[in-house]
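Let me begin by presenting the structure, written as structure tokens, before commenting on it.
The values are calculated or read from the model by the stated rules, or taken from the named source; none is laboratory data. These figures come from a predicted structure and were not determined experimentally. Ideal geometry is used to build each Cβ from the backbone, glycine not excepted, and the neighbour counts take in all protein chains shown.
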Amino acid sequence: MDFSSFFEYTGTSQDDDLDDLIFLGSWSLAEWAKLLAYTETRRFVAGEVIIHLGEVERSLYLVTEGELQIFMPFNEGKTLRPILNVVVGSIIGEQSFFDGLPRSAMVQAASNGELMRLSLESFQVLAAREPGLANDILFDLGRILSRRLRQTNALITS
């Protein structure tokens, strides 16, 4: 499978602050090859629900093709509203990957595409074999979580 297009990050621009959310953007192809060896490919079609609100599953997903839309519950969970689009080069599922709690949002495919799924178990094997890469992954996940929290804080205070 050719992952060279994964590193092109089409659809992003400097103006959108999306570059701040690109996962491991400075990694080499060799580093990516090592990580991707521990993932599973998942194809999706437009309209498909990728993550269900409230499900319990400790996997992280790398968006390698297509676009996803994130929906959050509002009105005490009675309605779901779209809050964010996720594009190639970003990740989803990082909160549950870390804390093991139920998924806090629903994720639906806005187009056809592909994800790479990294389960917690696979990450633990990777970490034992490649601790430097695991360190990079954890720090970049932390960076993205921090950036998303700052965006949420800005939204709340505006």
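On the basis of being of a type in the set (D, E, K, R) and either at pLDDT 90 or above or in contact with a helix residue (DSSP H, G or I) (Cβ under 7 Å, 6 or more places away or on another chain) (or both), does Glu76 make the cut? No: the conditions fail for Glu76. Scanning segment 92-107 for residues that are loosely packed, with under 15 Cβ neighbours inside 10 Å and touching an Asp or Glu at 6+ places or on another chain (Cβ under 9 Å) yields one hit, Pro102. Exactly one residue out of Ile137, Ile83, Ile144 is of a type outside the set (Lys, Arg), at pLDDT below 95 and over 27 Å from Ala33 (Cα atoms): that is Ile83.
Selection of segment 36-63 for residues being in a strand (DSSP E or B) and either within 19 Å of Leu120 (Cα to Cα) or aliphatic (A, V, I, L, M) (or both) yields Glu40, Thr41, Arg42, Val49, Ile50, Ile51, Ser59, Leu60, Tyr61, Leu62, Val63.
Yes/no matrix, rows are residues, columns are (1) closer than 20 Å to Ser90 by Cα; (2) among the β-branched types (Val, Ile, Thr); (3) within 16 Å of the chain's Cα centre (by Cα); (4) not in a strand (DSSP E or B):
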residue: Arg103; (1), (2), (3), (4): yes, no, yes, yes
residue: Leu118; (1), (2), (3), (4): yes, no, yes, no
residue: Val125; (1), (2), (3), (4): no, yes, no, yes
residue: Ile144; (1), (2), (3), (4): yes, yes, yes, yes
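Yes or no: segment 82-102 includes at least one residue that is in contact (Cβ under 8 Å) with a residue 12 or more places away in the chain, farther than 14 Å from Phe44 by Cβ and among the hydroxyl-bearing types (Ser, Thr, Tyr). So far as segment 82-102 goes, yes, one or more of its residues are in contact (Cβ under 8 Å) with a residue 12 or more places away in the chain, farther than 14 Å from Phe44 by Cβ and among the hydroxyl-bearing types (Ser, Thr, Tyr).
Criterion first (in a helix (DSSP H, G or I), of a type in the set (A, V, I, L, M, F, W, C) and under 15 Å from Ile22 (Cα atoms)) does Phe98 satisfy it? The answer is no for Phe98.
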